[in-house]
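Since the structure comes first, as structure tokens, the remarks are kept for the end.
Only the coordinates and a few stated rules stand behind these numbers; no lab work does. All values reported here derive from a predicted model rather than from experimental measurement. Cβ: placed from backbone, ideal geometry, glycine included. Neighbour counts: every protein chain shown.
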Amino acid sequence: MTILHDYWRSSASWRVRIALAVKGIVWESYSHDLTRNEQRDRDYLTLNPQGLVPSWQEADGWTVAQSVAILEYLEERFPTPALLPSAPRARAEVRSLVQTIACDIHPLNNLRVTRYLREHWQADDARVTDWLCHWMREGFIALEERARRQGSTRHLHGESLTLADVCLVPQLYNAKRFGCPLDDFPTLVGIGAYLSSITAFAETRPESHPGAPR
Ligand SMILES: N[C@@H](CCC(=O)N[C@@H](CS)C(=O)NCC(=O)O)C(=O)O
């Protein structure tokens, strides 16, 4: 059985869960409770020395970490339905959107970053929220402009589902979770609302995860 090492509220893990659902791949969750620092347990560090979720582990033990690497791997192994367009320029554009989220927004909002702010810079809840919302806003300004220019109200790129959409919805979820204002991003919010109605997104959302509190 293939295992996704994840956590119900991990947005990087949710990206992978969406792609797995879109492609109809069967998998099992091995949940690591981030609030209890289980991502740093010795056994998990042997699989992923970075101590972050998600990691993807196949039946023979082969494991790969980093959500975007996992998404690209799944795309190559299970090419249909495709989550990358076929034309090289369009593929580069989708990857550019993915990296805006996965490289420039998400890492600044990570638990280990906010823990560091609290522990080493004495940041209280208000300051941490300000930090989170600031960096999300920076990224969303660029994404809103790109989404607006390309004109689709259903997808971040073109007229079909791509890895950019797979990364957008969990990031919007994070923004809402931390109460970051989204009034300036009507295109992104509209795209997010449409995507959230798609089964692969709805069924994999954090609250539906078997590890979510009931
Ligand atoms: N770039 C990594 C980021 C992974 C990541 O930051 N995961 C978070 C959950 S969304 C995590 O494990 N945080 C634990 C921590 O910060 O200690 C990826 O895309 O997989």
Query raised in the report: If you take every DSSP beta bridge whose two residues both sit in the chain, what share of them, in percent to the nearest 5, is antiparallel?
Result: 60 percent
Query raised in the report: Using 13 Å as the cut-off for backbone N distance, which residues of the stretch 36-62 belong to the label zone defined by a point 7 Å from the Cα of E119 along Cα→Cβ?
Result: 36-38, 40
Query raised in the report: For the stretch 123-180, what class follows from the C-alpha gyration tensor (a ≥ b ≥ c being the square roots of its eigenvalues): rounded when a/c is under 1.5, otherwise prolate if a/b is larger than b/c, else oblate?
Result: prolate
Query raised in the report: Spin-label point model (7 Å from Cα, Cβ direction): what's the R148 to A90 distance in nm?
Result: 2.5 nm
Query raised in the report: So which GluC sites (Glu not before Pro) in the stretch 46-85 end up in coil per DSSP with only 15 or fewer other C-beta atoms within 10 Å?
Result: E58
Query raised in the report: Add -39500 (n - 2.57) for each DSSP H run of 4 or more in the chain, then divide by its residues: what number comes out at 222 nm, to the nearest 500 deg cm²/dmol?
Result: -16000 deg cm²/dmol
Query raised in the report: Suppose R0 equals 45 Å; then what is the FRET efficiency for C103 and R214 from their Cβ-Cβ distance, rounded to the nearest 0.05?
Result: 0.85
**Report entry** Volume in Å³ per residue [convex hull over Cα atoms, computed for the chain]
**Finding:** 125 Å³
Query raised in the report: Any idea what the dipole of the chain comes to, in debye rounded to 20, about its Cα centre with Lys/Arg Cβ at +1 and Asp/Glu Cβ at -1?
Result: 200 debye
Query raised in the report: Is the stretch 3-81 best put as rounded, prolate or oblate by its Cα gyration tensor, with a ≥ b ≥ c the root eigenvalues, rounded for a/c under 1.5, and otherwise prolate when a/b is larger than b/c, oblate when not?
Result: prolate
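Chymotrypsin sites (Phe, Trp or Tyr not before Pro) within the stretch 19-62: which are DSSP loop residues with at most 12 other Cβ atoms inside 10 Å?
Within the stretch 19-62, the qualifying chymotrypsin sites (Phe, Trp or Tyr not before Pro) (loop, at most 12 other Cβ atoms within 10 Å) are W62.
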